[in-house]
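Asks: Here it is, the structure in full.
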Amino acid sequence: MADILLEGRNLTMLYPVRRGLFQGLIGMVRAVDNVSFSIERGKTLSLVGESGAGKTTTAKSVLLLERATSGSVYFEGKDIYQYNKDQLKREYRPRVQAVQQNPWSSMNPRMRVKDIVAEPLVVNAKQSKKENYDRVVELLDQVGLKAEHAEHFPHEFSGGQRQRIAVARALALNPSLVVLDEPVSALDVSIRAQIMNLLKDLQEAHNLSYLVIAHNLATVRYMSHGVAIMYLGQIVEYGDTEDLFENPLHPYTNALISASDLKLPEDRDQNEKEIILSGEMPSPLNPPTGCRFHTRCPEARPECSKIEPEMVTVGKHQVKCHKFV
Amino acid sequence: MEYLRDINEAKIEKRMELRRKFSRLMLIIPVVILALLILSAIFAPLLAPYSPTEIAMTERLQPPSFLKGGSPKHFLGTDSLGRDVFSRIIYGARISLSFSLIVIFITGTVGTILGIISGYFGGRLDSFIMRFTDVALSIPAILIAIILAVGLGPSFKTIVIASSILGWSGYARVIRGEAMRLREVDFVAQARIIGSSRMRIMIKHIFPNVINPLIIIATMMVGLMIIIEATLSYLGAGIPPPNPSWGAMVNDGRNYLETAWWISFFPGFCIGLVVLSCNYLGDWIRDKLDPRLRRL
């Protein structure tokens, strides 16, 4: 049995939509719909999908920025949604940290780097200023910055350096899990690899688990052990990274891989055509009946629009498609 | 190309030097003006050549000493009751400056606290505070002042209370908007992930980032407050007549603008100076407090 650190069970997040003079309820957006996943200790799980697929909302439910409407999050086997405020602050919050997508807005522009990195320590661990400062220097060193950077303000750094600062802050409390929300997508291509390598090194050094949110498949393949492909609030395919990329089952996964730069044109088989999806993702306010992907699926069959497929295990991974039922 | 670069560098260096000097001047001048006015307000009894309320009908409407027909005894001339304008301005600074500073301090503090709470918490609390603010914005301060003047009697305290009781609403409105925007910014989400309390987020993350609009409103309020004080005093809610305040002096001179313009002009000029100085000083403080602008 694998050592599971965090588990999301049947997470569903509904948002009421109100319109008009009397703010009447006109429907519920199913941003996340019955999503389950698990992250092993020291491993990385990636949530992949287009914007609007519910990746970030799922991450928010893990970080408790918002609570899921139903379902729950289990951390080391315990249901954290049952924790009271005090337990959360002591036992959960410090152990699950995050690095956000945009390093330009994730830091208070009026605080110095030393205060930014030390903030988790100030809030959670009652230590002296000196101890905090020593820890900040140690953290900056771990992410490849110098001690003198501590006195500067965030606007004096480049995007890559800022992301390093954000990583240092996330590690300050020695967390078990770090949620990485598009950790490199806001950075120049030239420094993405540096940050990804840094994250991988830190993962090994501290036995960290990562929950990565990404849309770039190359990033995902490089960083993660497991992948969950999301479409319109649901996980459509879920499995080990290599297995999933080598042997994609769901038509949506195929389309994503086909559209990505994982395969160069000359590597493609002669008869293999690029799959280009038509149209936009349907509105989550009024999702399609049956399989949510059927409106854009190149392999849609009559039953797809009527019956919602069950998640089935095929080989080493799970897929939600009528082809495999 | 090498020689071109040298020339430009020298030129740029010179420009920068001029610029630095200029920006230092833009700070020194308003600071000196405000300091002089505040000091003269504090030491008014020592500086003023005459009593501000002493009536001398024989010397009424005398022009300033540096104008034709001016008496050397009255530097800035005398008003319709023969009172020395210079002495009255010095004493008037006491009331006008202390009134505007006290009211700005009270309204700024209350407005900022309510604005941050309203914007950060949102929901029902926000609706409640904002409806309250709407009401405050819609009631004329003059009405409250007159009611209070009847209840408490006209005095300095009355106009401070009258202006403060509603004055916070303008701050609350603007600060609330900023706080709402900041609530959605990533670093606030990050603070929550770290485990910061709401109190800490409001103090450490929201407040420092609403200082800019706060300073701008506060500096703009200085002039307005001097004028409000004048209006309230004119209506009989404020300082009773013989005591000088700048706004009241401008008012006194209204009827003599054609013949004795100095009665209104000099106190009006002082109001302008204070407002302008406060605006420059406010800009400077704002730049100093903002790490992104500090080096420029």
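Asks: Per residue, what accessible area does chain B have, given a 1.4 Å probe and all protein chains present, in Å²?
Replies: Here the per-residue accessible area is 54 Å².
Asks: Averaged over B:182-188, how many beta carbons belonging to a partner chain fall within 10 Å of each residue's beta carbon?
Replies: Average per residue, whole number: 5.
Asks: Estimate for me the total accessible surface buried between chains B and A (protein heavy atoms, probe 1.4 Å, no ligands or nucleic acids), in Å² to the nearest 100.
Replies: Buried area (both sides, nearest 100 Å²): 2300 Å².
Asks: Expressed as a rounded percentage, what relative contact order does segment A:4-324 have, with Cα pairs under 8 Å and six or more residues apart?
Replies: The normalised contact order for segment A:4-324 reaches 20 percent.
Asks: Moving to a separate point now. If each of residue A:285 and residue B:81 carries a label point 7 Å out from its Cα toward its Cβ, how far apart are those two points in nm?
Replies: Output for this residue pair reads 6.9 nm.
Asks: Ranked highest first by average number of other Cβ atoms within 10 Å, how do A:163-174, B:112-123 line up?
Replies: Going from most to least packed, we get A:163-174, B:112-123.
Asks: Average partner chain C-beta neighbours within 10 Å, per residue of A:95-102?
Replies: 3
Asks: Can you compute 3J(HN,Hα) from phi for each residue in segment A:221-236, using the Karplus curve 6.51 cos²θ - 1.76 cosθ + 1.60 with θ = phi - 60°, rounded to whole Hz and x for Gly and Pro?
Replies: 5, 6, 9, 10, 9, x, 9, 10, 8, 10, 9, 6, x, 10, 7, 9
Asks: Taking amide hydrogens as modeled 1.01 Å from N in the peptide plane, which residues meet the under 5 Å criterion relative to residue A:44, leaving out close sequence neighbours?
Replies: Here the answer is A:210, A:225, A:226, since their amide H atoms fall under 5 Å of that of residue A:44.
Asks: Hey, another quick one. Taking only DSSP H segments of four or more residues, each worth -39500 (n - 2.57), what value at 222 nm results for the protein assembly as shown once the sum is divided by all its residues, to the nearest 500 deg cm²/dmol?
Replies: The helix contribution divided over the protein assembly as shown gives -16000 deg cm²/dmol.
Asks: Report relative contact order for chain B in percent, whole number only (criteria: Cα-Cα under 8 Å, sequence separation at least 6).
Replies: Relative CO of chain B lands at 22 percent.
Asks: Considering amide H positions built from the backbone, and no H for Pro or chain starts, which residues 5 or more places from residue B:50, or on another chain, come under 5 Å of its amide H?
Replies: It is B:87, by chain and number.
Asks: Could you state how much accessible area residue B:143 has, in square angstrom rounded to the nearest 10, with a 1.4 Å probe and all protein chains kept in place?
Replies: We get 90 Å² for residue B:143.
Asks: Within a 10 angstrom radius of each residue's Cβ in A:150-158, how many Cβ atoms of other chains show up on average? Whole number is fine.
Replies: Mean partner shielding for this stretch: 2.
Asks: Output the pairs from B:21/B:204; A:85/B:288; A:114/B:21; A:78/A:126; A:200/A:323; A:85/A:114 with a Cα-Cα distance over 30 Å in this structure; if there are none, say none.
Replies: With Cα atoms farther than 30 Å apart: B:21/B:204; A:85/B:288; A:114/B:21; A:200/A:323.
Asks: So, one more: With both bridge residues required to lie in the protein assembly as shown, what share of the DSSP beta bridges run antiparallel, to the nearest 5%?
Replies: Close to 65 percent.
Asks: When the solvent-accessible surface of protein heavy atoms is calculated with a 1.4 angstrom probe, in what order do B:265, A:324 fall, highest first?
Replies: Result, largest first: B:265, A:324.
Asks: Express as a percent, rounded to the nearest 5, the fraction of DSSP beta bridges in chain A (both residues included) that run antiparallel.
Replies: 60
Asks: Here is a follow-up. Say R0 is 45 Å: what FRET efficiency, to the nearest 0.05, do residue A:72 and residue B:139 get from their beta-carbon distance?
Replies: According to the calculation, E is roughly 0.35.
Asks: For residue A:236, enumerate residues with amide H under 5 Å from its amide H, sequence gap 5+ or separate chain, H modeled in the peptide plane.
Replies: A:229, A:230, A:231
Asks: Provide the FRET efficiency to the nearest 0.05 for the residue A:89-residue B:18 pair, computing r from the beta carbons and using R0 = 51 Å.
Replies: Working: r = 55 Å, r/R0 = 1.08.
Approximately 0.40, to the nearest 0.05.
Asks: Quick one: 3J(HN,Hα) in Hz for segment A:289-302, Karplus 6.51/-1.76/1.60 with θ = phi - 60°, rounded, Gly and Pro as x.
Replies: In residue order, the calculated couplings are 6, x, 6, 5, 8, 4, 5, 10, 6, x, 10, 5, 10, x Hz.
Asks: Can you check what the net charge comes to around residue A:103, using other residues whose Cβ is under 14 Å from the Cβ of residue A:103 (Lys, Arg +1; Asp, Glu -1)? Walk me through the numbers on the way to the answer.
Replies: Numbers: positive: A:162, A:164, A:169, A:192; negative: A:156, A:181, A:182, A:188, B:186.
After counting each charged neighbour, the total is -1.
Asks: Just to confirm a number: summing +1 for Lys and Arg and -1 for Asp and Glu over residues other than residue B:256 whose beta-carbon lies under 12 angstrom from that of residue B:256, what do you get?
Replies: Residues near residue B:256 contribute -1 overall.
Asks: Moving on. Residue-wise, which Karplus ³J(HN,Hα) couplings in Hz belong to segment B:209-216, taking 6.51 cos²θ - 1.76 cosθ + 1.60, θ = phi - 60°, and x for glycine or proline?
Replies: These are the phi-based 3J(HN,Hα) values: 8, 9, 4, 3, x, 4, 5, 4 Hz.
Asks: Heavy-atom accessible area of residue A:89 with all protein chains present, probe 1.4 Å, nearest 10 Å²?
Replies: 80
Asks: Separate question: Can you check what the net charge comes to around residue A:321, using other residues whose Cβ is under 12 Å from the Cβ of residue A:321 (Lys, Arg +1; Asp, Glu -1)?
Replies: -1
Asks: With a ≥ b ≥ c the root eigenvalues of the C-alpha gyration tensor of chain B, is it rounded (a/c under 1.5), prolate (a/b larger than b/c) or oblate?
Replies: Taking the square roots of the gyration eigenvalues as a ≥ b ≥ c, chain B is oblate.
Asks: I would also like to ask the following. Under the 0.36 nm per residue contour assumption, what length would be gained going from the current alpha-carbon distance of residue A:225 and residue A:22 to full extension? Don't jump to the answer; show the numbers that get you there.
Replies: On the way: separation 203, 0.36 × 203 = 73.08 nm, distance 4.86 nm.
Result for the pair: 68.2 nm of gain on full extension.
Asks: Once you put a point 7 Å from the Cα of residue B:9 and another 7 Å from the Cα of residue B:60, both along the Cβ direction, what distance in nm separates them?
Replies: Here the answer is 7.3 nm between the modelled labels.
Asks: Based on the mean of other beta carbon atoms within 10 Å per residue, what is the order of B:172-183, A:67-78, A:5-16, most packed first?
Replies: Descending packing order for the listed peptides: B:172-183, A:5-16, A:67-78.
The values are calculated or read from the model by the stated rules, or taken from the named source; none is laboratory data. Quantities reported herein were computed from a predicted structural model and do not represent experimental measurements. Positions of Cβ are backbone-derived with ideal geometry, glycine not excepted, and every protein chain shown enters the neighbour counts. In case anyone asks, the SASA skips ligands and DNA or RNA and just uses the protein heavy atoms, side chains included. Shrake-Rupley method; radii C 1.70, N 1.55, O 1.52, S 1.80 Å.
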